[in-house]
Amino acid sequence: MFPNSILGRPPFTPNHQQHNSFFALSPTLYSHQQLIDAQYNFQNVDLSRAVTLQPLTYGTVSPIQTSTSPLFRGRKRISDEKAFPLDGKRQRFHSPHQEPTIINQIVPLSGDRRYSMPPLFHTHYVPDIVRCVPPLREIPLLEPREITLPEAKDKLSQQILELFETCQQQTSDLKKKELCRAQLQREIQLLFPQSRLFLVGSSLNGFGARSSDGDLCLVVKEEPVNQKTEARHILTLVHKHFCTRLSGYIERPQLIRAKVPIVKFRDKVSCVEFDLNVNNTVGIRNTFLLRTYAYLENRVRPLVLVIKKWASHHDINDASRGTLSSYSLVLMVLHYLQTLPEPILPSLQKIYPESFSTSVQLHLVHHTPCNVPPYLSKNESSLGDLLLGFLKYYATEFDWNTQMISVREAKAIPRPDDIEWRNKYICVEEPFDGTNTARAVHEKQKFDMIKEQFLKSWQRLKNKRDLNSVLPLRAATLKR
């Protein structure tokens with residue numbers, strides 16, 4: 001897939017060099033000054049000494065020509081504003097394909113640093129009788145594990161289950177994303193040899209669909225990174241590398257300067273769309289918190305998937321267009337299940353504060369889901385009743401003006417009186433850093449549209465008890 005891997009096989013290290021922990025970070029990481037100076041240092045490297053660039057081919061793709069004409073001479077820029085304008089909000093970059101490959105001179109490219117990490121899951125998983133969370137080191141049967149789905153005694157519940165079984169992410173989908181992650185990590189380590197690339201979000205948290213994009217987090221150091229300066233700088237280098245050396249394998253790479261900047265791209269081989277951020281480590285932590293909730297009770301995953309499909313169908317599931325992100329929707333579902341008279345979910349952060357603390361090191365967070373037993377709720381509501389209850393709760397019961405959704409507290413809590421929450425239409429607390437995950441909803445028109453869809457869908461579904469009345473199943477299944 002990528003030039004530094006053996007075609008058709010992920011570039012894993014020899015057995016004697018493999019590490020046991022997927023999340024093990026190298027102890028020596030980059031300083032702030034090294035990252036700021038990297039733009040100059042990279043350009044002055046003798047490319048023939050750092051790495052030999054051979055013409056790259058893949059299948060029928062023509063060899064990629066890489067130019068080594070410098071953008072910088074010594075420590076003086078040729079162009080200040082043309083290279084990296086840092087003040088454009090959400091500006092998209094399309095670097096020319098003839099720009100040079102950038103090599104990091106800060107740390108030598110020793111042989112042992114050029115291997116990617118071992119596969120995310122590398123032992124065969126034999127499912128347990130109890131419904132515990134599947135261990136994260138097992139790739140063969142990660143998503144379609146032996147977990148008993150809830151019984152459907154009515155038409156609406158049966159429709160939800162059938163949609164879930166058709167659209168849920170398959171093992172093959174996860175393997176494609178993991179293979180791409182492993183090979184991309186090897187490429188990025190040519191720029192930052194001590195970095196690690198993590199697959200996060202719906203691909204791993206248990207709520208992914210077959211059509212879900214892949215989310216990647218590039219960790220270059222343990223301490224936080226300034227997203228406006230350092231993260232943008234690092235992503236600029238990664239973006240240029242994608243546009244030059246990997247242009248035959250990655251298409252449409254775009255650098256998007258959002259609050260958390262990302263590089264968006266599409267892998268031509270797997271046809272998966274990816275978003276790559278830098279050091280947004282809260283995304284690693286919440287991936288495994290959500291994963292634990294996903295497998296804590298067997299009604300959670302089908303309910304979340306159908307609600308995400310419903311929101312997408314009604315155009316209220318796109319943060320880039322001022323509506324709800326998928327992450328906010330998942331938190332809203334978990335919050336609803338926590339606040340029922342007979343709760344279906346507890347607050348994991350209250351029951352297991354040490355396991356879900358921000359003090360837990362990144363290379364240990366993936367152990368937590370394996371250690372949490374299933375939650376046995378006395379609530380026997382069907383999936384159909386839970387979907388109706390979810391729509392009704394946010395249409396008629398939840399107070400949008402004064403309350404904040406908190407999965408951490410397992411209840412609706414008063415909004416804090418600070419700038420993060422003041423004058424916001426929807427407030428959904430991020431369980432780890434306490435920010436508002438629904439801050440994208442900043443227009444009253446979009447907020448009214450979201451509330452209207454909750455109310456209309458609840459009334460329609462209550463009367464007809466047919467999922468097609470609020471979500472055409474044929475279209476949802478084809479989209480997957």
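Any idea of TRP310's accessible area? Nearest 10 Å², probe 1.4 Å.
10 Å²
Can you tell me the relative contact order of segment 238-377? Whole percent, Cα pairs under 8 Å, sequence separation 6 or more.
Taking the mean separation of contacting Cα pairs over the length of segment 238-377, I get 18 percent.
Calculate the FRET efficiency for THR358 and GLN403 from the Cβ-Cβ distance with a Förster distance of 30 Å, rounded to the nearest 0.05.
Step by step, r from the Cβ atoms, then E = 0.75.
Where the convex hull is taken over the Cα atoms of segment 145-264, what is its projected area averaged over directions, in nm²?
9.8 nm²
Count charges around LEU461 for me, please; just the other residues with Cβ under 13 Å from its Cβ, Lys/Arg as +1, Asp/Glu as -1.
Cβ neighbours under 13 Å give a net charge of +4.
Give me the extension gain from GLU452 to ASP315: residue separation times 0.36 nm, minus the current Cα-Cα distance, reported in nm with one decimal.
Working it through step by step, the gained length comes to 48.1 nm.
Run the quick spin-label model on CYS370 and GLU342: label points 7 Å from Cα toward the beta carbon, then report their separation in nm to one decimal.
3.4 nm
Pull out the extension gain between HIS442 and ASP154, defined as 0.36 nm times the separation in residues minus the alpha carbon to alpha carbon distance; nm, one decimal.
Answer, rounded to one decimal: 99.8 nm.
Let me cross-check ARG460: its accessible surface, 1.4 Å probe, with only protein heavy atoms counted, in Å² to the nearest 10?
90 Å²
What's the Kirkwood radius of segment 202-270 in Å, using all Cα pairs?
Kirkwood radius, segment 202-270: 13.5 Å.
Less than 15 Å Cβ to Cβ from LEU156, Lys/Arg counted +1 and Asp/Glu -1: what total charge do the surrounding residues give?
Cβ neighbours under 15 Å give a net charge of +4.
Quick one: grab the alpha carbon gyration tensor of segment 268-375, order the square roots of its eigenvalues as a ≥ b ≥ c, and give me rounded if a/c is under 1.5, else prolate or oblate depending on whether a/b is larger than b/c.
oblate
Using Cα centres only, tell me the gap between segment 262-288 and segment 444-480 in whole Å.
What the calculation gives is 29 Å, centre to centre.
If N is the number of residues in segment 322-480, what value comes out of its Cα radius of gyration divided by 2.2 N^0.38 Å?
1.14
The values are calculated or read from the model by the stated rules, or taken from the named source; none is laboratory data. Bear in mind the structure is a predicted one, so any value in this text is a computation, not a measurement. All Cβ positions, even for glycine, are placed from backbone atoms using ideal geometry, and neighbour counts span all protein chains on display. Please note that ligands, DNA and RNA were not included when accessible areas were found on the heavy atoms of the full protein model with its side chains. Shrake-Rupley method; radii C 1.70, N 1.55, O 1.52, S 1.80 Å.
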